[in-house]
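> Take this structure, written in structure tokens, and hold onto it; I'll ask about it next.
The values are calculated or read from the model by the stated rules, or taken from the named source; none is laboratory data. On a predicted model such as this, the values are computed, not experimentally measured, just so you know. Cβ coordinates were reconstructed from backbone atoms using ideal geometry, including for glycine residues, and neighbour counts include every protein chain displayed. When the accessible area is computed, the model is the full protein with side chains, heavy atoms only, and any ligands, DNA or RNA have been set aside. Shrake-Rupley method; radii C 1.70, N 1.55, O 1.52, S 1.80 Å.
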Amino acid sequence: MVKDYRKKVGSKTGGIKLHTELKQDFINAGIKIGRDKFFNFLRLNKLLVPKTKNYITTTNSNHMYKKYK
């Protein structure tokens, strides 16, 4: 279900949005799963979206100019 939904909507869909969107499908399939158990399921199957690096390195300490102590 998760892979099919991500193919249809987008591969970067997070866990909370996935859980809310797929909740009705879980109920129809007879699967009782909460948010935390769903996150554990995603983690065990390596389906979580990896966190992105949110900072930029601006200092270059390996330059050829004179460096003061």
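> Do we have Leu47 as among the hydrophobic types (A, V, I, L, M, F, W, C) and either under 15 Å from the mean Cα position of the chain (by Cα) or at positive phi (or both) here?
yes
> Given the structure, is Arg43 surrounded by 10 or more Cβ atoms within 10 Å (Cβ to Cβ), modelled with pLDDT under 85 and in a helix (DSSP H, G or I)?
Answer is no for this residue.
> Still on this model: So which residues in region 1-31 are open to solvent by 100 Å² or more (accessible area, probe 1.4 Å), touching a residue at least 12 places away in the same chain (Cβ under 8 Å), not in a loop (DSSP other than H, G, I, E, B) and not β-branched (Val, Ile, Thr), if there are any at all?
Residue satisfying the conditions is Lys3 alone.
> Could you give every pair whose Cβ atoms fall below 7 Å, whose first residue belongs to region 33-56 and is under 21 Å from Ser11 (Cβ atoms), and whose second residue is open to solvent by 90 Å² or more (accessible area, probe 1.4 Å) and in a loop (DSSP other than H, G, I, E, B), counting only separations of at least 6 or pairs across chains?
Val49/Lys12
> Something else now. Exactly one condition in (1) assigned to a helix (DSSP H, G or I); (2) surrounded by 11 or more Cβ atoms within 10 Å (Cβ to Cβ) is not met by Leu48; state its number.
Only one criterion in (1) assigned to a helix (DSSP H, G or I); (2) surrounded by 11 or more Cβ atoms within 10 Å (Cβ to Cβ) is unmet by Leu48, namely (1).
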